[in-house]
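Taking it in order: structure first as structure tokens, then the write-up.
Bear in mind that the values in this text are calculations on the coordinates, not laboratory data. Since we're looking at a predicted model, the values are computed, not measured. Here the Cβ is made from the backbone with ideal geometry for all residues, glycine too, and neighbour counts use every protein chain on show.
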Amino acid sequence: MKRKPLLIVIFLLIAAAAACAPQTVEVTRVVTETVTEEIEVTRVVTETIEVEGEEVEVTRVVEVMTEEEMEPVTLRVMNWSQEQADFYEQVAAEFQNEYPHITVEWDTLEQGQYRETLPLMFQSGDSPDIFFWLGGDRVLTMAELLDQNWVAPMDNTVLPDDFYDRWPEGSFLEGINVVNSLPYSFPFNDNFVWGPGYMYTNKDVFRAAGLDPDVPPTTWSELRTTCETIAENTDAFCLAVPLGNDLQRTWYPLSGMNFTDSFFDYQQGRFNIDDERQLETFNYLQGFFNDGLVVPGNNDKDFARQSMANGQAAIYFGGAWMPSVFAGYEVPDLDLGVFPPVMPDDGRAGSLRQSFSENKFYISAQSTHRTEATLFLEWMTRPDGFFATEYLAQGFGTLPFSDMGQYVTDEGLLQVIDVANENNLRVAYPEPVVACADVAQSKAVSNANSLTRNWEFIAMSEALLNGEDFSGTAAEIAEAKNGEFLTTLEEEAAAGLMIGVECFAFPEWEDITQAYDSALYETHQMPASDDS
Amino acid sequence: MARFSTSQTAAAVPLNGRIKKRRTKSIPLIQQVAGADRFWVMLFLLPFIILYTSFTLWPLLATIIYSFFDWDGNGPLELFIRLENYITIARDPLFWLSFRNTLVFALINTAIKLPLSLMAAILLTRKWLWGQRLFRTVYFAPLVIPVAMAGLIFQLLLHPANGAINDLLTSTGLVQRPIDFLGNERLALLSLVIVSVWQIFGQYMIYWMAALQNVPEALYEAAELDGAGEWKKLVHITLPIIRPVAIIILFLAFVNALKVFGLVVTMTGGGPGFQTYVVPYFIYTQALVDFPFRYGYASAAAVLFGVTILLAVTVQGYFVRRAEADRKDYGV
């Protein structure tokens, strides 16, 4: 207890010593200079969110950081267009010129490899910040990705006010690329030119066969005669047809002009591989296989494309992207013809589906750089920016957010655009999710397709290779898929979803060669609710 | 000084003219070791235990757990569906087609590669054969080629339009039209078998050679004195003596063949149609190829397939024990 006064004395002595110690006085000379610079330190953001079914407008202030304040970030982007790899390196460099703190690493893989690798990356928590994806049903791709917990919304706060104006009206739709007013993706390619359905020819093979390379076959009979002439007069095969799931590249243009390029009949609301028009298309194609007019073998798309490019075959059916793919094959002498697909002899009776969704780039839910990823996607979709102008100039594809007429110079892609415009190959099909919002939650179609993936294409490939009758297998597939489809619909309706086969059947769409427009949606009969 | 305690050993006691084996209670190794030795034993076992638990036990257990969930491989396991995956698989014709193809592949593969490799091993262990090392190297060489590369090479060689094998067959007049080895539903699986045999042949030849070296030379010398020829020596000496090892090799060959995967991926992709789908390829497509992924479903298929392999191994154990008992009759 006696120590306490002593400690107080010591403390007072130390305090006094500190107070008497010499001090350094800092003298600051103030130079006044007026610098006028507008620095955005905050931004007011208004967005609409859905709360308990009602749309509520929310305004908030977000802080805007200067370039120096931002941490260096590396964004990883992945897609499957390997032939465009050099372009993506340029894109990354150009983007970094504008955003020095963001480094973009863009990896491209072969499509099949990509589809296998990306899921593994997600499973290991190592997914790229921005990824490219196309689901089996394009309209429901976002719903599937949300279900898989793969995607995050774009950061609205860094998007300019005119962002949505870059696309044609109606490009952003709730449930398809928007959820609760937050954008998850955007239409990357246009949906009129872009897609499958073109007939590519090697004009040299036509010349060697004594055929006029600029007068292509236009009907089923003409294609058959052309092929017989090529077989007689050259060593080449007529058609290069990839098999397995890749058979779709040949199937879509043929079946699309005869009935539909979908294995689902949107008029009747059922899986349709057993439909007589589908079987008619199959039998027509099988005739070429049986008579040795097709490059033999269980070939994939790469082999089939190469066969056409190097003159082993005369014709390959493929998508709008083929000019850039052929350019990557380094066959400089390839004289490429681009033509519409052949029609049935008694005229066109169907159309290709104009996809309601060309949403392809998404931000990963695992990304910790959502804002930077959004900045990149915003930069990428500037109508007159580096990405759009160069992508179009190099003929990689079509873009709905830029002026294709101004920037496309590639001869092959220009031909593709001409063919699309002159032939009106694609029309809008009815979209079940537009008719019934609960379709976005339904597993009816995906459960039926999950019975055996790509069942129609794989079964058709087997029958084509072995010269077998396909009608029995087709009936078996249709029965199994329709059974699963209807069972799931019943279970979902019983569980409370506002859903029924009416959401998928559009009998008022009488002419498949014509678009299913908004007027037809108004006449569409919806499923009856339990309350009614 | 090691302080191992004495352990009881089995003893054979003649009883009324029969041999009766007296069963003795085996003492766990860890109890046979005391003090500091026990620490060292544990320490040396630790790396194996860690690796075995991490890369064998845990994946096995996880696969069984996943098989009871509707899970896509991403996110937490939430949707417990009891036996639904197993019930669905039982009704999935593609799984059973894959199962049948796998068994057919394994049976034909084993039936071809074992006799061939045994013959090669017998030949290569003959003292009079010139160039044994060269032949061994030639036969063993395909084994060092990665499966994927072998598959791609044979895909090209067998192609009906550009393949060297079809060129040879047509140019020599053996066939009129090229054969679509991988596109024909009857030939595709057989083509896979032959390529697989070509690749793995050398490995089994080495196994057989190791087994043949266990046959005492004295038996052959005695047989020769009795006037036995090569065939009789093979049938009455070589084969009976190597029988236990042969059974192990047989089941090893069969179980390894059940795991065929790489060749299917690179050569046929399961086609034409589904004709070369095998269970490992089925599991792979369900879990990692067909979107949305069905990890739980694929796990259930893997468990069912694993049970099949387990049964094969159990049967193997039974036959090995029997063969070992028989071999003792020969005194070796």
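For this structure, a couple of remarks:
- Estimated FRET transfer efficiency when R0 is 56 angstrom, pair B:LYS259-B:GLU221 (beta carbons, to 0.05): 0.85
- Among A:ASP147, B:ASP226, sorting on how many other beta-carbon atoms sit within 10 Å of each Cβ, with the fewest leading, yields B:ASP226, A:ASP147.
- q = 0.15, 0.18, 0.25 Å⁻¹, region B:134-182: log10 I(q)/I(0) [Debye, one scatterer per Cα]: -0.52, -0.66, -0.83
- The ratio of the alpha-carbon radius of gyration of the protein assembly as shown to the globular-protein estimate 2.2 N^0.38 Å is 1.23.
- Pairwise label distance in nanometres, A:LEU120 with B:ALA141, each label 7 Å out on the Cα-Cβ vector: 3.1 nm
- Partner shielding of A:300-313 amounts to 1, given as the average count of beta-carbon atoms from other chains within 10 Å of each residue beta-carbon.
- Highest-fluctuation residue, B:GLN203, B:GLN155, B:GLN31 considered, GNM on chain B with Cα pairs under 10 Å: B:GLN31
- Region B:50-101-region A:91-145 distance, computed between alpha-carbon centres (Å): 28 Å
- Gain on full stretching of the segment that runs from B:ARG177 to B:MET149 - 0.36 nm per residue minus C-alpha separation: 7.3 nm
- In terms of overall dimensions, the C-alpha atoms belonging to region B:90-328 reach 69, 48, 27 Å along their principal axes, ordered largest to smallest.
- Here r is the Cβ-Cβ distance between A:ASP162 and A:ALA475 and R0 is 60 Å; the resulting FRET efficiency, rounded to 0.05, is 0.65.
- At R0 = 35 Å, FRET efficiency that the Cβ-Cβ distance of B:PHE39 and B:LEU61 yields, to 0.05: 0.75
- Highest-fluctuation residue, B:ILE241, B:ILE200, B:ILE165 considered, GNM on chain B with Cα pairs under 10 Å: B:ILE165
- Gaussian network model of chain B, springs between alpha carbon atoms under 10 Å - residue of B:LEU143, B:LEU250, B:LEU79 with greatest fluctuation: B:LEU79
- Among B:189-195, A:313-319, the order from most to least packed when residues are scored by Cβ within 10 Å on average: A:313-319, B:189-195
- Cut-off 18 Å (backbone N to label point 7 Å along Cα→Cβ of A:GLU83), residues of region A:188-202: A:189-190, A:193-202
- Region A:198-354: translational diffusion in µm²/s, Stokes-Einstein, Kirkwood Rh over Cα pairs, 10 °C, 1.306 mPa s: 101 µm²/s
- If you take the Cα centroid of region B:154-215 and the Cα centroid of region A:473-489, the two points sit 39 Å apart.
- Structure-based [θ]222 nm, the protein assembly as shown - -39500 (n - 2.57) summed over DSSP H runs of at least 4, per residue, nearest 500: -14500 deg cm²/dmol
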